[in-house]
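The values are calculated or read from the model by the stated rules, or taken from the named source; none is laboratory data. These figures come from a predicted structure and were not determined experimentally. Reconstructed Cβ throughout: ideal geometry from the backbone, glycine too, with neighbour counts over all protein chains shown.
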Amino acid sequence: MPGFLQRLFTPRWRHNDPRIRQEAIAGLNVERDREKLETLLHDDNVEVRHAALERLATPERYRELLNTNDAGSPLHRTLLDTLTGRERTLLSLEQREQVVGTLTEPALLTHVTAHADNQQLRLAALARIEDEETLIEQACQNSIAGVRQAAASRIDTDEGLERLAREAKRDKQIMRSARDRLNQRREQRRDQDARQQRRDDLIQAMTRLSDQQWEPMLPARYRHLVREWRALAEDADESQHQRFHRVEQLTHSRVIEHDNAQREAQAREQAMDMARRDSQRIINSLNQALKDLEHRATLDAQDVAQLQAHFRLQAEQWRDLTDRIAPSQEDQKHFEALLQRASELTSAWQRFEEHQQALNDAIDQRDFPTIEQLKRTIAWPGGLPCPGLLTHLPEPAAVSDSAPAPSRPALDPDQFQHSLDQLESQLDRGELQEATRLLDSLMQRRHRLPADKRDSLQARLNQLGQRTHELRDWRNFAAAPKREQLIEGMEGLAAADMDEPTRDQQHRRMVRDWKALGDAAASRERSVRFRQASDQVREQLSAFHQRRDQQRENNMAERERLCEQLETLVSHTAATSDPDSLRTIRDRAREAWRQWSPVPRAREGELRQRFTRSLRALQTLIDQQARAVAQAKQALVDEIRELEESDIDDERRADMAKALQTRWRELGRAPRGEEQTLWRAFRQHCDAIFERRNAQRNHKRQQRDSRIDQMQALIDRLDGWMPESVAEQVTLDEAEKEADALMPLPNGPRTAGMLKRWEGILRDRRERLDRLALGTLAERWQQWQPLLEAHVEADSRALTGAPAENVEATLHLSPQAMEAHRLRNERRATGEQDKAREWLEHLRVHLSVLVDAPLGGEDSSRRLDVQVARLNDAMGNMTGPMEELEQLQCRLLASGPIDRDDWQRMAPRLETLMAMLQESDTDG
């Protein structure tokens with residue numbers, strides 16, 4: 001088709017002229033002509049693509065096109081240019097941020113971050129970059145400071161921060177921030193390592209505390225370790241939590257058990273003190289009861305019954321008391337003497353009651369021999385008031401009527417008046433029993449009053465007697481309902497349905513209340529009713545009483561076995577027994593004694609005395625052992641005082657103090673008062689020793705920390721240093737000497753990391769210096785070329801028969817090179833060309849081996865010779881690669897004579913090998 005026809009019928013958007021295609025785009029409808037616009041997006045002309053993209057530009061379409069087009073396509077470049085603002089933007093800033101927010105391709109994000117025309121857009125792209133390498137690149141090279149700082153803030157590894165501190169030369173603030181963050185992270189790790197180590201130390205300390213023997217300061221140490229752990233537990237791992245919790249629970253259990261034991265011991269001590277006061281109270285009460293009885297003129301049945309009830313009650317209290325504590329030997333003897341005194345009185349009263357009727361008959365019959373016989377049979381104990389019948393026994397008539405009958409002495413009226421006042425006072429207080437006894441005594445003594453005082457005193461006595469009878473009537477009136485109530489209660493108890501222990505308890509209470517009423521409102525009918533009901537209850541409780549009696553027998557047997565065990569223990573205990581163990585046995589024996597209760601009363605007193613004697617002997621043994629422990633602990637106090645004053649190493653002194661503490665714990669406890677005094681003295685010396693040890697440890701720890709800090713500063717200084725010439729080898733050697741002076745460093749994760757980093761820096765700097773040395777050797781070879789050419793010219797002339805001439809050194813040569821130069825001049829006149837040529841080939845092969853250059857088959861024998869020679873040299877003196885290369889260059893300089901042809905054939909090969917040294921330097 002002709003050109004004008006083609007232009008006539010071809011659509012404008014497909015015209016060959018890009019300008020016409022661009023103008024046609026303005027007339028296309030986005031909805032109707034989308035496919036045409038899509039086609040134009042791939043147009044070869046950038047303006048056409050830009051115009052088509054402008055018609056279709058939406059965030060969604062941008063995302064779709066960026067994800068579906070190749071990175072190198074023209075459309076992709078247009079999309080990036082319009083997105084970053086390099087070309088006229090087609091989207092608003094918000095839309096461009098929306099597009100960037102959906103990008104995932106790292107290359108796209110990196111491009112937008114580096115080339116976007118807006119800081120906000122760059123930051124949006126930077127926020128989606130995760131690769132640390134890319135972040136470091138942006139922090140170092142991005143043209144916007146805010147983007148650089150945002151990228152630097154997201155670098156959170158030590159390696160990244162180290163690179164940032166070295167490479168961020170464009171932004172000194174970022175470099176300083178990276179260095180500060182790196183130092184802060186290292187400081188945090190050091191702190192974490194220190195906290196980790198301290199937590200491990202706390203776990204070990206708590207473990208030792210849970211295993212060691214008890215000492216008074218153990219609870220305080222436990223609480224101190226717990227408080228310190230709570231301050232460090234926030235960043236502890238689960239393993240440490242579990243380990244500490246396990247040993248903490250063990251120690252806590254020990255502390256709780258000891259506290260409970262202490263409280264129990266205090267409670268026992270208080271109970272013992274109370275029991276001692278109760279024993280004195282019981283003895284004083286019995287003693288007072290007997291004294292009150294001795295002051296009475298006569299004695300009646302009510303007095304004896306009251307004394308028996310009082311002694312029975314006090315005896316029960318004494319038995320309960322001795323179940324808790326063994327009374328002192330003096331108190332026990334005093335109590336037994338009082339019981340014996342009361343028993344004598346009770347037995348005499350029983351004999352008096354048995355012979356009272358016979359004595360009355362003898363008195364009525366005036367049978368004086370029988371009266372005397374009965375009086376001796378009754379045998380009333382001396383020092384105690386007698387019954388009225390024994391007080392007024394008739395006396396036989398005189399043998400002679402002329403002998404006057406002895407008359408009884410008259411009473412003192414004042415004393416009788418005082419007794420009347422006492423009787424009136426007792427009536428005022430309502431003390432009926434005491435008033436009755438005193439009234440009977442006064443009625444029997446009133447006939448002995450003087451005649452002039454008898455009438456007035458007799459009138460007052462009659463008046464007080466009337467008041468006594470009125471008081472007795474009122475007591476009977478009040479006691480009658482109580483007796484009826486007790487009778488009904490006893491009869492109801494017999495018919496009630498209840499358990500046996502409760503029935504027995506209520507029965508004993510009612511019997512006790514009945515006896516407490518004495519003879520008030522007493523009648524035969526009431527007594528019979530109450531006794532019958534009581535007998536019926538006893539019959540119901542007979543099986544219970546049998547079981548109780550059997551249980552008492554069993555308890556008695558157990559108590560006897562306990563006494564036998566204590567007696568065996570006391571008789572066979574070693575002189576070195578632990579007093580704490582003996583105290584435990586004593587306390588458990590008392591608990592067992594109380595446990596095996598009640599026992600038969602008839603045999604209880606003797607067995608109780610046996611148990612008391614055994615406990616007293618055991619306590620004596622405990623006191624002896626405790627005193628021995630006190631002496632041993634005093635010796636330990638003297639020993640640790642000498643140890644504190646001794647001139648030895650603090651660590652050794654602390655170890656010896658720990659050994660003394662172990663011996664202290666093994667000794668047991670001294671007597672209570674001495675134990676605390678000795679412990680305070682011993683503890684004071686221990687604290688002083690451990691404080692000195694801790695001060696020494698802190699000083700050493702500070703020195704170690706100082707060495708670590710110095711080593712860290714050295715590492716940082718060397719890390720920021722990069723050698724630029726071989727002459728800077730001195731700096732590296734001085735740094736190594738400085739590091740050697742700081743060794744050894746304390747073990748730990750931080751030290752391991754520092755040494756690893758130090759070795760890496762040393763290795764890198766040595767490699768750098770080696771590469772610089774290789775370059776120096778290559779440069780020196782180039783500098784030697786004029787001198788070598790001069791030697792070759794001189795050798796060639798000498799080989800042609802001309803006189804040997806010395807070549808002057810126009811360069812500054814090292815001593816080794818100067819010696820090689822001298823040998824070359826010397827060999828020009830004395831050397832052999834063939835040997836020199838072969839030696840030159842040998843040196844070429846040697847140089848090839850050093851630079852690891854390939855060799856042909858013709859050089860295999862020379863290669864073997866070189867290797868053997870190097871092995872022989874290594875056996876004598878191991879040289880470094882740089883020294884070997886330097887020696888080789890000097891040998892090449894000294895090799896001769898060499899003619900021009902041989903040198904022209906060898907020189908290029910040597911140049912190639914020397915160039916490889918230069919390449920090694922460049923690669924590094």
Flag for residue 661 being more than 24 Å from the chain's Cα centre (by Cα) and part of a helix (DSSP H, G or I): no
Residue in segment 653-669 that is surrounded by the most Cβ atoms within 10 Å (Cβ to Cβ), counting only those that are touching a residue at least 24 places away in the same chain (Cβ under 8 Å) and among the aliphatic types (A, V, I, L, M): 657
Which numbered condition residue 638 misses (of (1) touching a residue at least 60 places away in the same chain (Cβ under 8 Å); (2) within 38 Å of the chain's Cα centre (by Cα)): (1)
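Considering only segment 611-623, state which residues are surrounded by fewer than 17 Cβ atoms within 10 Å (Cβ to Cβ) and touching a residue at least 24 places away in the same chain (Cβ under 8 Å).
Within segment 611-623, 616, 617, 619, 623 qualify.
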Condition met for residue 814 (out of contact with any helix residue (DSSP H, G or I) (no Cβ under 6 Å at 6 or more places or on another chain) and small (Gly, Ala, Ser)): yes
Verdict on residue 288 being of a type outside the set (D, E, K, R) and within 17 Å of residue 436 (Cβ to Cβ): no
Residue ranges of helices (runs of 4 or more DSSP H) in segment 412-508 with at least 3 members among the basic types (Lys, Arg) and within 30 Å of residue 536 (Cβ to Cβ): 451-495
Segment 263-306 - residue that is touching a Ser or Thr at 6+ places or on another chain (Cβ under 9 Å) and surrounded by fewer than 16 Cβ atoms within 10 Å (Cβ to Cβ) and, of those, modelled with the lowest pLDDT: 302
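Across segment 415-436, what is the total count of residues that are more than 17 Å from residue 454 (Cα to Cα) and in contact with a Lys or Arg (Cβ under 6 Å, 6 or more places away or on another chain)?
2
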Among residues of segment 746-805, those that are within 30 Å of residue 192 (Cβ to Cβ), surrounded by 17 or more Cβ atoms within 10 Å (Cβ to Cβ) and of a type in the set (S, T, N, Q), counted: 1
Enumeration of residues in segment 670-687 that are under 18 Å from residue 650 (Cα atoms) and buried (at least 17 other Cβ atoms within 10 Å of the Cβ): 682, 683, 685, 686
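Yes or no, residue by residue, for (1) under 34 Å from the mean Cα position of the chain (by Cα); (2) modelled with pLDDT of 85 or more; (3) part of a loop (DSSP other than H, G, I, E, B):
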{"residue": "581", "(1), (2), (3)": "yes, no, no"}
{"residue": "633", "(1), (2), (3)": "yes, yes, no"}
{"residue": "642", "(1), (2), (3)": "yes, yes, no"}
{"residue": "670", "(1), (2), (3)": "yes, no, yes"}
{"residue": "681", "(1), (2), (3)": "yes, yes, no"}
{"residue": "689", "(1), (2), (3)": "yes, yes, no"}
{"residue": "693", "(1), (2), (3)": "yes, yes, no"}
Residues that are of a type in the set (S, T, N, Q) and surrounded by 15 or more Cβ atoms within 10 Å (Cβ to Cβ), drawn from segment 525-535: 534
Residue selected from segment 201-214 under the condition surrounded by 14 or more Cβ atoms within 10 Å (Cβ to Cβ) and in contact (Cβ under 8 Å) with a residue 24 or more places away in the chain, by the criterion nearest to residue 677 (Cα to Cα): 214
Test: residue 124 is surrounded by 14 or more Cβ atoms within 10 Å (Cβ to Cβ) and closer than 30 Å to residue 252 by Cβ: no
Selection from segment 342-385 of residues that are under 30 Å from residue 283 (Cα atoms) and among the hydrophobic types (A, V, I, L, M, F, W, C): 342, 345, 348, 349, 352, 378, 379, 380, 384
Segment 316-330: number of residues that are surrounded by 18 or more Cβ atoms within 10 Å (Cβ to Cβ) and either part of a helix (DSSP H, G or I) or hydrophobic (A, V, I, L, M, F, W, C) (or both): 6
All positions within segment 578-608 that are under 20 Å from residue 667 (Cα atoms) and either surrounded by 18 or more Cβ atoms within 10 Å (Cβ to Cβ) or among the β-branched types (Val, Ile, Thr) (or both): 579, 582, 583, 584, 585, 586
Test: residue in segment 760-775 that is under 21 Å from residue 887 (Cα atoms) and more than 60 Å from the chain's Cα centre (by Cα): yes
Number of positions in segment 89-112 that are in a helix (DSSP H, G or I), among the aliphatic types (A, V, I, L, M) and crowded, with 17+ Cβ neighbours inside 10 Å: 5
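Scanning segment 479-516 for residues that are of a type in the set (Lys, Arg) and in contact with a Leu (Cβ under 8 Å, 6 or more places away or on another chain), which turns out surrounded by the fewest Cβ atoms within 10 Å (Cβ to Cβ)?
Here the answer is 482.
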Pairs with Cβ under 6 Å, 6+ apart, first in segment 814-843 and surrounded by 17 or more Cβ atoms within 10 Å (Cβ to Cβ), second modelled with pLDDT of 80 or more and basic (Lys, Arg): 843/891
Any pair with Cβ under 7 angstrom, 6 or more apart, that starts in segment 113-128 at a residue that is of a type in the set (Ser, Thr, Tyr) and in a helix (DSSP H, G or I) and ends at one that is at pLDDT 80 or above and crowded, with 17+ Cβ neighbours inside 10 Å: 113/122; 113/125; 113/126; 113/129; 113/138; 113/142; 113/147
Residue under evaluation residue 648, criteria (1) among the aliphatic types (A, V, I, L, M); (2) within 23 Å of residue 663 (Cβ to Cβ); (3) not assigned by TED's automatic domain parsing to the domain that holds residue 692, criterion not met: (3)
